[in-house]
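Asks: Let me begin by handing over the structure; questions about it come next.
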2 protein chains.
Amino acid sequence: MNGQDSTGGAFDGQRDTAQLDIRQGLGHPGAPAAGRDTQVVGAPPPPTAAGPVPRPQSGPLPSRRGAGEEPIPAATGERPPLSEPVRTVERHLDEILAAVPQPDPIELAVLDAQGLLCAEEVVSQRALPAFDQAALDGYAARSEDVVRATVEAPVELAVVGESVAGADAPSSIGPGLALKVSAGAMLPSGADVVVPAVWTDQGPVRVAVQAGPPAGSYVRRTGDDVAPGDPAVQIGTPIGPAQISLLAAVGRERVLVRPRPRIAVVCAGSELVDVGTVPAPGQVVDVNSYALAAAARDAGADAYRSGILPSDKRRMTEVIESQLLRSDLVLIAGTLSGSRFDMVQEVLAELGQMRFRQVTMHPGPAQGFGRLGRDEVPVICVPGEPVAALVSFEVFVRPAIRLMLGKRQLFRRTVQAIAGQSLISPLGYRQYLHGTVMRHPDGGYVVEPVGDGTEALLARMARANCLIVIDEDVTEVAAGGLVTVMPLLLGG
Amino acid sequence: MNGQDSTGGAFDGQRDTAQLDIRQGLGHPGAPAAGRDTQVVGAPPPPTAAGPVPRPQSGPLPSRRGAGEEPIPAATGERPPLSEPVRTVERHLDEILAAVPQPDPIELAVLDAQGLLCAEEVVSQRALPAFDQAALDGYAARSEDVVRATVEAPVELAVVGESVAGADAPSSIGPGLALKVSAGAMLPSGADVVVPAVWTDQGPVRVAVQAGPPAGSYVRRTGDDVAPGDPAVQIGTPIGPAQISLLAAVGRERVLVRPRPRIAVVCAGSELVDVGTVPAPGQVVDVNSYALAAAARDAGADAYRSGILPSDKRRMTEVIESQLLRSDLVLIAGTLSGSRFDMVQEVLAELGQMRFRQVTMHPGPAQGFGRLGRDEVPVICVPGEPVAALVSFEVFVRPAIRLMLGKRQLFRRTVQAIAGQSLISPLGYRQYLHGTVMRHPDGGYVVEPVGDGTEALLARMARANCLIVIDEDVTEVAAGGLVTVMPLLLGG
């Protein structure tokens, strides 16, 4: 019932830590020898059990400083407080990644395709360049005429005319003749070289050539770049300025791409008021619909905030149903208030199978996932506490958005950094601490948790540039030890 | 007249190479001992001069492979072919950076502010949290009542009621009493601790507490996060999801930010046709207005493409004037066809002081900059050849956009990489080659130029992930030597 999930490992790529599940974590050779059944939320360890789990009552308060978070209470009761199974981060993530849809490719104007992945093999119907042309300003000539030219003994050619870029009448030259050309102008037939203007006296009627480049120099030949039938942009290529340049060159105004997933962000909680309202005592401003919509856009989604769910059950159902109709994924913050199974959960349960679970992570163990409505749209529920909500977004939602975008790299890159101070973490939980990571002058990275070791709240989170990830089987990282750090680089 | 510019160095930050100007470059201890006046375009070295400049006629063709570009022709004439002064990359960049305006801050809805820099000191009028509250689900109690509780000897408390998040009536508790609370609920007066639900029997009327945390545990105190009068978000902070979370929490729906600069992209050239048109012989599809608009958006600008300039002089003037009115910067590709002073240059000259110059870079030595119209809007002219246009964008336009955005880091980060093959470069020019950079299995990076050593055209550029930057004073990098590499990471 608890802690029995194994790591699915269905998706490749670098995850935020070694892919340990609880059993692996506790069974790890380096893990403390504490009983493996005693450290999981919902399992019944007596509070007096000797063990390495940091407990509020088992140590002096200062020893908790540096963790950046208050420790998680371990359970003391005789029975699990929740009926949902406990599962690992990996297992919950795998369930989400296996269930998110791959939205159908759509055709967009090339400029709107920027940042998305190409979903078609773009084959050029044209040759690029489309005609033999001058690569720079100069004189088109026959290489055999000019190969022996020097400053002391220039070769004189008769200039038969001038060709500029865009002129459509190809001309021809014979022995002893030259055509003045500008970069991009068609090469006259008979010419096999362009003599750069700066190697001549630039005469308009007769030109004295002071040096002759070898045949083929400063000439761009038809199809040198792309031949008809060549693939120009391939499936899965991210479309940036260079790809847009190439797409335009082969005549494409529109291109088939993996679309941005449409994500609706809603918040639930009887305590919530909209940001424009001054909260009464006990009320709290809805920050999550803003923060999560911003995070979803940053991850590449087309996110819209739907705001606070109405408190009336029928209207709440209508709002959620309408979001399911227009979205590829619905993100709900704040539905899980620990043991309280509230109206939101009731409404969701009526729309399909929605599972709420305790995930062995901190902050934010209360997570939910399901596929609701006629189209079985994935719905991810994250905690309402704003720090836990954004950590949950990083861990579960961002990889899902990247998968929907077709990206190969679902996870942020991580680096190993030296801990600037000791960090403690509850056994059996993967802990995410906001921190600031800096390059060390001697190479490598150093990381410090933000804040003074009490709760990592909003102002502190806003000063962080990374998440410190401490594995399930690690309870303490000494100052100077190595930890995994996930830099939170913003896109755009 | 030529090569006399010094590096302004007015702007800090990492540039793409060591900040060498021509004089420094040629005077560098490691530089070849060639005459310093002989290697600059427009200076009059005879083509037979012995020197290290790679010349088409001075070496066998295969020796040029690996450079990824055809070598630049050095001048042979007795006089400079252009009347404009020759200048360094640094000098041209400094002129642009000194002239770009700082658009006035604008107020945006917080979600639209994402990715921009905050332009005001946001001071919180509120305390966060606004009231003492439970940090998790459990029982609010007096720590002295529960401190000695154990599983064997639980402490029983009478539950006087329940408080959920959003409830506005603070209650109070006395000795021997507890209030059931959910996370975020107001703490009753008299309580100084929240006993996690999992440390109790979760009784609704009487609760058996099996462990008592120290005073203050699992309680969030008023103002712990932000006190009234505290700065919440400071000037110059990039606004991401965490900042949006904090702005919403302090009640801000809108925030003053540095706006995205509005950039108009136009293309000039009698050979150009729009992407929807099949080009006739001699004609070329306009790719630059697409590629440069995409690059400008990627850099953070609000870019719009105005397309190909009309060929009629009066209409051309009208189009440019209307772009000047609506833009913070106008970007024109293709106005400079070497020695040809065409109608575009004429029109620009009538609108203000526009200077065209030969910059000691390759590709793209023909560059222009001026401030035109009544408002002296900066206008940057880049070459029309698409590879040179995008290289020029990287070197001159992207830093200007980032400066207008208020970013401190104007330049892309560079890394040193091992050259996978030998590279040659013309003395006195900073050369930019498209390449692919990879991590070396033993650490560090390895870079290869794209393509087979002839012109770096569109299809090859689209396969590149970096620019290789070879300094002015370097003529050859041996295979295995170190070169500067600028990874072209896309934002978004």
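The values are calculated or read from the model by the stated rules, or taken from the named source; none is laboratory data. Here the structure is a predicted model, which is why all the values come from computation and not from measurement. Because the Cβ atoms are built from the backbone with ideal geometry, glycine has one as well, and the counts that use them run over all protein chains shown.
Asks: Counting only residues that are of a type outside the set (D, E, K, R) and closer than 29 Å to A:GLN243 by Cα, which one in the stretch B:467-476 is surrounded by the most Cβ atoms within 10 Å (Cβ to Cβ)?
Replies: Only one residue fits best here, namely B:ILE468.
Asks: For A:GLU84, work out the one condition from (1) modelled with pLDDT of 95 or more; (2) closer than 30 Å to A:ARG15 by Cα it doesn't fulfil.
Replies: (1)
Asks: Please work out which residue is modelled with the lowest pLDDT, limiting yourself to the stretch A:154-171 and to residues that are within 10 Å of chain B (Cβ to nearest Cβ) and in a loop (DSSP other than H, G, I, E, B). Can you show your working first?
Replies: As a first pass, look at the stretch A:154-171 and keep what is within 10 Å of chain B (Cβ to nearest Cβ): A:154, A:162-170.
Narrowing further to those that are in a loop (DSSP other than H, G, I, E, B): A:154, A:164-170.
Working: A:PRO154: 94, A:VAL164: 73, A:ALA165: 71, A:GLY166: 65, A:ALA167: 66, A:ASP168: 62, A:ALA169: 58, A:PRO170: 63.
Ranking the candidates gives A:ALA169 first.
Asks: Out of the stretch B:395-440, which residues are surrounded by fewer than 24 Cβ atoms within 10 Å (Cβ to Cβ) and among the basic types (Lys, Arg)?
Replies: B:ARG398, B:ARG402, B:LYS407, B:ARG408, B:ARG412, B:ARG413, B:ARG439
Asks: Restricting to the stretch A:199-240, and then to whatever is under 22 Å from A:MET186 (Cβ atoms), among the β-branched types (Val, Ile, Thr) and in contact with an Asp or Glu (Cβ under 9 Å, 6 or more places away or on another chain), can you tell me which residue is surrounded by the fewest Cβ atoms within 10 Å (Cβ to Cβ)?
Replies: In this case the residue turns out to be A:THR222.
Asks: How many residues does the stretch A:259-286 hold that are surrounded by fewer than 19 Cβ atoms within 10 Å (Cβ to Cβ) and on the phi > 0 side of the Ramachandran plot?
Replies: 0
Asks: Now, a different point. Which of (1) in contact with a Phe, Trp or Tyr (Cβ under 6 Å, 6 or more places away or on another chain); (2) assigned to a helix (DSSP H, G or I); (3) β-branched (Val, Ile, Thr) does B:ILE401 not meet, given it meets every other one?
Replies: Of (1) in contact with a Phe, Trp or Tyr (Cβ under 6 Å, 6 or more places away or on another chain); (2) assigned to a helix (DSSP H, G or I); (3) β-branched (Val, Ile, Thr), only one is false for B:ILE401: (1).
Asks: When only residues in the stretch A:354-368 that are surrounded by fewer than 23 Cβ atoms within 10 Å (Cβ to Cβ) and among the hydrophobic types (A, V, I, L, M, F, W, C) count, which is farthest from A:VAL391 (Cα to Cα)?
Replies: For the stretch A:354-368, the residue satisfying everything is A:MET354.
Asks: Pick out the one residue from B:GLN416, B:GLN358, B:GLN367, B:GLN409 that is over 23 Å from B:SER289 (Cα atoms) and assigned to a strand (DSSP E or B).
Replies: On the way: B:GLN358 fails: over 23 Å from B:SER289 (Cα atoms); B:GLN367 fails: over 23 Å from B:SER289 (Cα atoms); B:GLN409 fails: assigned to a strand (DSSP E or B).
Exactly one residue qualifies, and that residue is B:GLN416.
Asks: I'd like to know if the stretch A:401-409 contains one or more residues that are in the same structural domain as A:LEU351 (by TED's automatic domain parsing), modelled with pLDDT of 95 or more and β-branched (Val, Ile, Thr).
Replies: Checked the stretch A:401-409: at least one residue is in the same structural domain as A:LEU351 (by TED's automatic domain parsing), modelled with pLDDT of 95 or more and β-branched (Val, Ile, Thr).
Asks: Test B:VAL330 against the criterion of being assigned to a helix (DSSP H, G or I), outside the structural domain of B:LEU489 (by TED's automatic domain parsing) and of a type in the set (A, V, I, L, M), and give yes or no. Let's see the steps before the verdict.
Replies: Values: assigned to a helix (DSSP H, G or I): no; outside the structural domain of B:LEU489 (by TED's automatic domain parsing): yes; of a type in the set (A, V, I, L, M): yes.
No.
Asks: Go through (1) part of a loop (DSSP other than H, G, I, E, B); (2) basic (Lys, Arg); (3) farther than 22 Å from A:CYS267 by Cα for B:LYS180 and report which single condition fails.
Replies: Result: B:LYS180 passes all but (1).
Asks: Right, something else. Residues that are within 17 Å of B:ALA291 (Cβ to Cβ), of a type in the set (A, V, I, L, M, F, W, C) and touching a residue at least 40 places away in the same chain (Cβ under 8 Å): does the stretch A:193-208 have at least one?
Replies: Narrowing the stretch A:193-208 to residues within 17 Å of B:ALA291 (Cβ to Cβ): none.
No - not one qualifying residue is present in the stretch A:193-208.
Asks: Go through the stretch A:291-316 and report how many residues are surrounded by fewer than 18 Cβ atoms within 10 Å (Cβ to Cβ) and either assigned to a loop (DSSP other than H, G, I, E, B) or among the β-branched types (Val, Ile, Thr) (or both).
Replies: 3
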